[in-house]
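Notes to accompany the following structure.
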Amino acid sequence: MPPLTGCAYYPEHWLVDQWAVDAQRLREAGLSVVRRGEFAWDKMEPQPEQYSFDWLDHAVEVLSQAGLKIVMCTPTATPPPWLLHQYPEIRRVGIDGVRVSTASRRVICGSTAPYRAAARSIVDVITRHYGHHPAVIGWQVDNEFGVGETTRCYCDSCRVRFQEWLAERYGSLDILNQAWGTQFWGTTFTDWTQIPVPGITTEPQNPSLRLDYRRFSSDTWVAFQQMQIDLLRANAPQHWITHNFMIRHWSLDYWKLAQALDFVSYDNYPHGLNDPAEVSMNLDLMRSLKKRSFWVIEQQPGRVNWHPYNPSVPPGQVRVWTHQAYAAGASAVVYFRERASRIGQEQYHTGLFKWDGTPDQAYYEAQQVARDLASLPDLARPSAQVGIIFDYDDLWSIELEPMTQEFSYWNWVRQIYTAFWQSNIPVDFLPREADLTGCDTVIVPAAILIHPGEVGKWRSWVEQGGRLIVTFRSGVRELSNIATAETLPGGGLSDLIGAHVSQFSSVPPATYTAWPDHRPGSQISAGAESVFNYHIWAETLTPITAHTLYHYRDGLNAGEVAVTQHRVGQGEVIYLGCWVEDFARFAAAQGWITAAPAPVQITTLQDVAGSAWQLSINHSLHPAGNLEGYGVSYEKLSDND
Ligand code: GAL
């Protein structure tokens, strides 16, 4: 089946007479799917345990009669006001101890018993009601867990559950005290109930406690999702289950959140990202989470309303975003939303139609997409040979203590990813525990936490011919976020890279003029022709069995080793000790990518018969390659018969 298109539809926002008109117009736009229901708990259960589905049954009937398939959502992102009023303790508490107000969405804490019980019962009722409905094809659980910094709550319920979570993880207080190093600043706990949730203190709180709180908070929502998945599997066994993940989001461990779903869905809002490369990075991460196709279940249709600036988009852009998603392996793109809302918090957000019901730009582009896809077979994205390890614990550990405000794990990964993207080299993201078979190059960016046993696995893969590129800030801390007692990098990494890290230092920006003699420097080189600037972070290396590729040129680090290469079996391990400013130029100099960025994005896809197709996308208003501004083309490259 070729990829689908669809849109979010809110029958509860429009008069009943309008529904059939809307459904017809969506069919005319070539759409075949509507997603609905994620914010309608108040209409489904207007009073405690009094359910009302007539209106929704009617909407589903009207939509399905027009030939649209329905993705149902569970409505747990917006508990009704009566529930919030009856149980004020289910409202989330900020780190400042203030309980959030209502009349918005996601104001809830996922650990509180009354909220969980009410959520369980509405999900049970709605999944029984629609679990066998012929027009329903699948379910979205809740809506965007964590949106607007709502993953972490600091209420009393969370404190108790955190203590239970810790007891489970560590088994005894002695072990916890040891693992967290509580002796520092004399905070040894003698009873589980003494352990706080993070809060306001004048000096920083224990970094192990803070990292574990991030894990706990993420696990809370994973468990909340699991509760809903269990009900869905029981009540709607024929339907698939997904959840909508977000752009550049990391308060939740998405590897864990993805696990029990049939596939991941993603809300693609490019205006929240920096550039087309970062859009592809997020899309590729979504495919990687389950190593399979995913849905874009919300697609930005034009201007949004929530960014610091909200420009409209040039003609052709929505079509390009849609095909960019297909290039990354999306099997459906669902536009957000049908008609721009005349009510509520998102009135300035565009849809396929304007407030007055006349088509907006995205409507015509959705029609064009339907025409583009009409003659195409189902195209899948083959696995990549380049892998980038991406880990939420590493990101959190660094975010909690970056050592320089410029150090962003995400930006470092993004810079590496972008270099490959600009060369049209496909990339998969990998979890820390991934099997590396099938890759020829794997990049391990700032893998700060040591995972016992992992390096042995990497070594066997390198011995078979793999190229492992490990970067600075790897192998520094134990899983509980205390420093390793080993010579850096720890966990066996020194042996694998064939070198030690002797010193590490942040690199202040040039505008920071204090202590000029204390600067590590700004350049590395391998001979006069090969010079690269670095910033943010620098480590000096002591090679043992590795050989030196680059030296530091200036500043305090002058003459020290910056980059090493270690041959291991048939393969090699590179250790990059500093954050090179232009990673793409550096990678091109090593022969990892092409020298010049490609003018257009080119992706090779495969049809079910095994034939290769080339999808070319121009991300600019100006003609490039053989494409006009914002042009898209599909071309069959080979017949496999
Ligand atoms: C998404 C959200 C939608 C809507 C949209 C607006 O994050 O899931 O409900 O708010 O943003 O761009």
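Quick look at the values:
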| item | result |
| --- | --- |
| Checklist (1) under 23 Å from Met72 (Cβ atoms); (2) touching a helix residue (DSSP H, G or I) at 6+ places or on another chain (Cβ under 8 Å); (3) within 16 Å of the ligand (Cβ to nearest atom) applied to Val147, failing item | (2) |
| Given (1) closer than 30 Å to Gln24 by Cα; (2) in a loop (DSSP other than H, G, I, E, B), index of the condition Pro402 fails | (1) |
| Residue in segment 570-577 that is farther than 26 Å from Gly465 by Cβ and crowded, with 16+ Cβ neighbours inside 10 Å present | no |
| Unique match (being farther than 24 Å from Glu144 by Cα, in contact (Cβ under 8 Å) with a residue 60 or more places away in the chain, away from the ligand (no atom under 16 Å from the Cβ) and surrounded by fewer than 22 Cβ atoms within 10 Å (Cβ to Cβ)) among Pro48, Pro2 | Pro2 |
| Hits in segment 249-273 (condition: assigned to a loop (DSSP other than H, G, I, E, B), over 21 Å from Ala8 (Cβ atoms), of a type outside the set (Gly, Ala, Ser) and open to solvent by 10 Å² or more (accessible area, probe 1.4 Å)) | Trp250, Asp253 |
| Those residues of segment 441-467 which are aliphatic (A, V, I, L, M) and either outside any helix (DSSP H, G or I) or open to solvent by 50 Å² or more (accessible area, probe 1.4 Å) (or both), in sequence order | Val442, Ile443, Val444, Ala446, Ala447, Ile448, Leu449, Ile450 |
| Single residue of segment 3-20 satisfying the filter (over 12 Å from Ala59 (Cα atoms) and not polar (S, T, N, Q)) that is modelled with the lowest pLDDT | Pro3 |
| Residues of segment 584-607 satisfying the condition of being modelled with pLDDT of 95 or more and of a type in the set (Ser, Thr, Tyr) | Thr603, Thr604 |
| Residue that is nearest to the ligand (Cβ to nearest atom), among those in segment 287-318 that are part of a helix (DSSP H, G or I) and hydrophobic (A, V, I, L, M, F, W, C) | Val318 |
| Out of Asp284, Asp267, Asp253, sole residue that is within 16 Å of the ligand (Cβ to nearest atom), under 14 Å from the mean Cα position of the chain (by Cα) and charged (D, E, K, R) | Asp267 |
| Residues being within 16 Å of the ligand (Cβ to nearest atom) and closer than 11 Å to Thr74 by Cα - total across segment 84-143 | 5 |
| Scan of segment 333-374 for residues that are crowded, with 24+ Cβ neighbours inside 10 Å, away from the ligand (no atom under 16 Å from the Cβ) and more than 18 Å from Ala23 (Cβ to Cβ), ordered by number | Glu365, Val369 |
| Residues being in contact with a Pro (Cβ under 8 Å, 6 or more places away or on another chain) and either modelled with pLDDT under 95 or within 17 Å of Gly138 (Cα to Cα) (or both) - total across segment 40-62 | 2 |
| Residue list for segment 405-440, restricted to those being without any contact (Cβ under 8 Å) to a residue 40 or more places away in the chain, under 27 Å from Glu539 (Cα atoms) and part of a loop (DSSP other than H, G, I, E, B) | Gln405, Ser408, Glu433 |
| Of all residues making up segment 208-248, the number that are within 16 Å of the ligand (Cβ to nearest atom) and assigned to a strand (DSSP E or B) | 3 |
| For Arg36: the one exception among (1) touching a strand residue (DSSP E or B) at 6+ places or on another chain (Cβ under 6 Å); (2) open to solvent by less than 30 Å² (accessible area, probe 1.4 Å); (3) farther than 30 Å from Gly199 by Cα | (1) |
| Segment 468-487, subset part of a strand (DSSP E or B) and aliphatic (A, V, I, L, M), residue nearest to Arg567 (Cα to Cα) | Leu468 |
| All positions within segment 223-246 that are closer than 27 Å to Ile448 by Cα and surrounded by fewer than 20 Cβ atoms within 10 Å (Cβ to Cβ) | Ala223 |
| Selection from segment 584-641 of residues that are acidic (Asp, Glu) and either open to solvent by 60 Å² or more (accessible area, probe 1.4 Å) or touching a helix residue (DSSP H, G or I) at 6+ places or on another chain (Cβ under 8 Å) (or both) | Glu628, Glu635, Asp639, Asp641 |
| Qualifying residue in segment 497-520 (condition: closer than 26 Å to Leu449 by Cα and basic (Lys, Arg)) | no |
| Tyr326 part of a helix (DSSP H, G or I) and either open to solvent by less than 20 Å² (accessible area, probe 1.4 Å) or touching a strand residue (DSSP E or B) at 6+ places or on another chain (Cβ under 6 Å) (or both) | yes |
| Residue match in segment 505-526 (condition: closer than 27 Å to Asp440 by Cβ and out of contact with any Lys or Arg (no Cβ under 9 Å at 6 or more places or on another chain)) | yes |
| Filtered residues of segment 490-517 (kept if in contact (Cβ under 8 Å) with a residue 60 or more places away in the chain, in contact with a strand residue (DSSP E or B) (Cβ under 8 Å, 6 or more places away or on another chain) and buried (at least 17 other Cβ atoms within 10 Å of the Cβ)) | Leu496, Ile497, Gly498, Ala499, Val501, Val507 |
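The values are calculated or read from the model by the stated rules, or taken from the named source; none is laboratory data. The model shown is predicted, which means the values in this text are computed figures rather than measured ones. Cβ atoms come from the backbone with ideal geometry, glycine included; neighbour counts cover every protein chain shown. Note: areas computed on protein heavy atoms with side chains; ligands, DNA, RNA excluded. Shrake-Rupley method; radii C 1.70, N 1.55, O 1.52, S 1.80 Å.
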